[in-house]
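Asks: Input: one structure, supplied below.
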Amino acid sequence: MKFEVKKDRWLTLLVILPMAIGFIVLLASFALEPLEEVTWPIVLTFISFILIGAFIWQMYTQSYYLLDRDHLRIKFGPFKLKVLYTDITQIKPSRNLLSGMALSLDRVAIYKNGKLWQLISPVDKDRFIQEVKKRAALER
């Protein structure tokens, strides 16, 4: 069973707006400098913006949570994690600000062996929690 990642608009703007402004400033510096005088720091900065932009694009387009038969798989851009249901000791709604594989602050906290393991943000949070509890044999 596949769950999409919930994406807050304001958080998206918070991530993309500074990148866009920086990219525009960088392009303006190319326009203002003659091409033969372009310095390596500007070129490296340009390449860095392209790579960071590609990473952010991948996070927004290739992220999901998958409930397999015996484990939960998390795909968040280039990152992949999985945990056996038998290792999940608790799952509950969260608004924790810590970093996690989430693009929203409306999150789910997953505890593995009694410790906070991951924060995620499925679109249908209540259904996700219900399904994981059922598969992990956790009490409601």
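The values are calculated or read from the model by the stated rules, or taken from the named source; none is laboratory data. Source: prediction; values computed, not measured. Cβ: placed from backbone, ideal geometry, glycine included. Neighbour counts: every protein chain shown.
Asks: Out of 57, 117, report the one residue that is closer than 26 Å to residue 15 by Cβ, surrounded by 13 or more Cβ atoms within 10 Å (Cβ to Cβ) and not β-branched (Val, Ile, Thr).
Replies: Values: 57 fails: surrounded by 13 or more Cβ atoms within 10 Å (Cβ to Cβ).
Matching residue, one of 57, 117: 117.
Asks: Under the condition of being in contact with a helix residue (DSSP H, G or I) (Cβ under 9 Å, 6 or more places away or on another chain) and among the aromatic types (Phe, Trp, Tyr), which residue from region 38-82 is farthest from residue 131 (Cα to Cα)?
Replies: The qualifying residue farthest from residue 131 (Cα to Cα) is 46.
Asks: Conditions: (1) touching a Phe, Trp or Tyr at 6+ places or on another chain (Cβ under 7 Å); (2) part of a strand (DSSP E or B). Residue 66 meets all but one. Number of the miss?
Replies: (1)
Asks: Any residue at all in region 128-139 that is without any contact (Cβ under 8 Å) to a residue 12 or more places away in the chain, of a type in the set (D, E, K, R) and out of contact with any Phe, Trp or Tyr (no Cβ under 7 Å at 6 or more places or on another chain)? Lay out the reasoning, then the answer.
Replies: Pass one, region 128-139, residues without any contact (Cβ under 8 Å) to a residue 12 or more places away in the chain: 130, 134, 139.
Adding the requirement that they be of a type in the set (D, E, K, R) leaves 134, 139.
Adding the requirement that they be out of contact with any Phe, Trp or Tyr (no Cβ under 7 Å at 6 or more places or on another chain) leaves 134, 139.
Yes, there is a match, as at least one residue in region 128-139 is without any contact (Cβ under 8 Å) to a residue 12 or more places away in the chain, of a type in the set (D, E, K, R) and out of contact with any Phe, Trp or Tyr (no Cβ under 7 Å at 6 or more places or on another chain).
Asks: Enumerate the pairs (first residue in region 1-29 and farther than 30 Å from residue 130 by Cα; second residue anywhere and surrounded by 10 or more Cβ atoms within 10 Å (Cβ to Cβ) and of a type in the set (Ser, Thr, Tyr)) with beta-carbon separation below 7 Å, excluding pairs fewer than 6 apart on the same chain, so at least 6 apart or on different chains.
Replies: 26/45
Asks: Kindly provide the set of residues from region 115-130 that are more than 14 Å from residue 92 (Cβ to Cβ) and assigned to a helix (DSSP H, G or I), ordered by number.
Replies: 127
Asks: Of all residues being free of Cβ contacts under 8 Å to residues at least 12 places away in the same chain and either in a loop (DSSP other than H, G, I, E, B) or among the aromatic types (Phe, Trp, Tyr) (or both) in region 69-114, which is surrounded by the most Cβ atoms within 10 Å (Cβ to Cβ)? Just the residue, please.
Replies: 97
Asks: Tally time: how many residues in region 1-49 are of a type in the set (S, T, N, Q), over 21 Å from the mean Cα position of the chain (by Cα) and at pLDDT 85 or above? Steps first, please.
Replies: Pass one, region 1-49, residues of a type in the set (S, T, N, Q): 12, 29, 39, 45, 48.
After this cut, where a residue has to be over 21 Å from the mean Cα position of the chain (by Cα) as well, the list is 29, 39, 45.
Subset that is at pLDDT 85 or above: none.
The qualifying residues number 0.
Asks: Is it true that some residue in region 52-65 is without any contact (Cβ under 8 Å) to a residue 24 or more places away in the chain and touching a Lys or Arg at 6+ places or on another chain (Cβ under 8 Å)? Steps first, answer last, please.
Replies: In the first step, residues of region 52-65 are kept if they are without any contact (Cβ under 8 Å) to a residue 24 or more places away in the chain; the result is 54-55, 57-58, 61-62.
In the following step, the residues that additionally are touching a Lys or Arg at 6+ places or on another chain (Cβ under 8 Å) were identified as 62.
Yes, region 52-65 contains at least one residue that is without any contact (Cβ under 8 Å) to a residue 24 or more places away in the chain and touching a Lys or Arg at 6+ places or on another chain (Cβ under 8 Å).
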